[in-house]
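A quick write-up on the structure given underneath.
The values are calculated or read from the model by the stated rules, or taken from the named source; none is laboratory data. No experiment lies behind these values; they were computed from the predicted model shown. Glycine gets a Cβ as well: all are built from the backbone with ideal geometry, and neighbour counts include every protein chain shown.
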Amino acid sequence: MGDDMKQTTSKLPQISAHVSEGTKWKLDRVSKMRGMRKAFVLEQALLYHFRALEELPEEAFLPPRLVVSQESFEKVVEWVENPPSPTIAMQELMDGVPDKSA
């Protein structure tokens, strides 16, 4: 696998990307734990992601990070610390009551 692998990978296009420290740490950890090259892990992850983009509806994707304004952040904190009372519909949903409109 030595020389043949080096020749093959040296002919492949190379990409670079800036990633967060957390993402780099996860990549290092997964590749080490599984005994895989980082390039292989990255390519597989990209292929899975591209396939999902092709096969799943847009609504299935949630951004991994959300950037909010200070005002929005404060509203979220307020809702978490002082949640509103559940609506009747929410109570029925959580209790497993069938939807009467269906």
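Brief remarks follow.
- Some residue of region 59-66 being surrounded by 10 or more Cβ atoms within 10 Å (Cβ to Cβ), without any contact (Cβ under 8 Å) to a residue 24 or more places away in the chain and within 15 Å of the chain's Cα centre (by Cα): yes
- Cβ pairs under 8 Å, 6+ apart, first in region 10-38 and of a type in the set (S, T, Y), second part of a loop (DSSP other than H, G, I, E, B) and surrounded by 10 or more Cβ atoms within 10 Å (Cβ to Cβ): S31/R37
- Test result for T23, part of a helix (DSSP H, G or I), among the hydroxyl-bearing types (S, T, Y) and at pLDDT below 90: no
- Members of region 38-53 found to be within 19 Å of D28 (Cβ to Cβ), under 15 Å from the mean Cα position of the chain (by Cα) and of a type in the set (G, A, S), listed by number: A45
- Looking only at region 67-102, residues that are over 24 Å from the mean Cα position of the chain (by Cα) and assigned to a loop (DSSP other than H, G, I, E, B) come to 13 in all.
- Filtered residues of region 23-37 (kept if surrounded by 11 or more Cβ atoms within 10 Å (Cβ to Cβ) and either closer than 23 Å to R65 by Cα or touching a Lys or Arg at 6+ places or on another chain (Cβ under 7 Å) (or both)): T23, K24, W25, K26, L27, D28, V30, S31
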